[in-house]
1. Ranked by accessible surface with a 1.4 Å probe, highest first, in what order do Leu123, Leu257, Leu81 come?
2. Karplus couplings for the stretch 265-279 from phi (6.51 cos²θ - 1.76 cosθ + 1.60, θ = phi - 60°), rounded to Hz, Gly and Pro as x?
3. Using amide H atoms built 1.01 Å from N in the peptide plane, name the residues 5+ places from Leu81, or on other chains, whose amide H lies under 5 Å from its own.
4. Run the Debye formula on the Cα coordinates of the stretch 227-380, all scatterers equal and no solvent, and tell me log10 I(q)/I(0) at q = 0.10, 0.11, 0.17 1/Å.
5. Please list, in chain and number order, the residues 5+ apart from Thr121 or on another chain whose amide H is under 5 Å from its amide H, with Hs placed from the backbone.
6. List, in order, the whole-Hz ³J(HN,Hα) value for each residue of the stretch 367-372 obtained from phi through the Karplus relation with A = 6.51, B = -1.76, C = 1.60 and θ = phi - 60°; use x for Gly and Pro.
7. Ranking request for peptides 272-281, 66-75: highest mean number of other beta-carbon atoms within 10 Å first, then the rest in descending order.
Amino acid sequence: MRHAFIVLRYTLLRNVRDVSSAIEMLLVPIVLVFVLGSVLGGAYEPSDLPATPVAYVTDASGEIADAFSAFLSQDEIAHYLAVTESSTGEEAQRLLESEEVAATITLVQDEAALGAGQGGTTLTIAEGAGSSIGHVIVRSIVDSFARSVNVSNALTELGAAEAAYEPLPAQFEASVVSREGRAPGAFDFYSVSMLVLFVMYIAQYSAEGLREDLFEPLGARARTTPAPWAAQVAGKLSAHVVSGVIQATIIIAVTALAFGASWGEQPLLLAGIVFSLCLFAAAFGGIVLAITRDGPKAQSAVAVVILGSMILSGGGAQIGNVSPAFRAFQTLLPHFQGQRAILTMIYGGEPGAIGAAFIYFLGGTALLLTLTAIMTRRSM
């Protein structure tokens, strides 16, 4: 234990004295958070939806037709629907196919009901390609009118007096929906993403340290000393883990103070996620070196895998709905596991995401260290 602590201490001092690398690993993520948060901030802020364009065709007359036309002309409805009256169904269909409107609303006389001496009208909605949000708005507004009419007719059938439909002023209560505490803003999201990205880069320190111990004369001389070889390796890897924890702590503190990034209210859980991520990153550097058996190649491979993991996980630009197959692939990526776990801890979300991340990082660490030991046994 004493030997491992000595190696840890001097390796940590060596990392700290590498001033240029230390500044790069701390300054670059903070600068990236500032740039990405400033440039892409608008994509993470809620915006007021414009009125959904619809084409309205009527081939009916009477009380209901007049009431529906009056309903659509109300100022409250105009805030949500931009209605264009079309003289024919063919004209409305042309507007729908050219995507000038999101939907068409057709009001026609119900001939079957007229033949039965009852009278009536039929409302029909046709939706085009485009945002499903606009379709939901159109359906909701038309459904609210149709249900009111149906209730009035039902009351009339039951003999209620004065049950005829009369248009009333639309009652909409405007309220501002805040994202705070519910979803990350740009600075919140990129603070988490850059934290995971640059903590993973300690894999390069790990690969470099093990290269010296396994493939360089320094390691051969160290193995001739009375110090246990396991203590030498444990001390080296532990120093890189500690370096990663220190780096993560500084990034968290600076982004919280400078950009107001939210890191939740569970510091111990956040520390646990970060620590398990650091363990995995150190072990990952070891396995990449064991596979390549070459320092420069290991450094390049680590950089490519880590950056690719970030991009495919949506850490640079959020990826929308993905197929189940691609989501299953994402769960194999360390950046996805770390980013999802931290965001879930702060904002809630996918059940089991935090537990899955701990299993992934801690189980992966044990597996990677075992494979590294097996693959490098001839070098020891």
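The values are calculated or read from the model by the stated rules, or taken from the named source; none is laboratory data. Here the structure is a predicted model, which is why all the values come from computation and not from measurement. Neighbour counts are summed over all protein chains in view; Cβ atoms, including those assigned to glycine, are modelled from backbone coordinates with ideal geometry. Accessible surface areas use protein heavy atoms only, side chains included; no ligands, DNA or RNA. Shrake-Rupley method; radii C 1.70, N 1.55, O 1.52, S 1.80 Å.
1. Heavy-atom accessible area, descending, gives Leu257, Leu123, Leu81.
2. With coefficients 6.51, -1.76 and 1.60, one gets 10, 10, x, 5, 5, 4, 4, x, 5, 5, 5, 5, 5, 5, 4 Hz.
3. It is Thr52, by chain and number.
4. -0.41, -0.49, -1.11
5. Counting only residues 5 or more places away or on other chains, the set is Asp110.
6. Here the 3J(HN,Hα) series is 5, 5, 5, 5, 5, 4 Hz.
7. Values: 272-281: 24.1, 66-75: 15.6.
The peptides rank, most packed first, as 272-281, 66-75.
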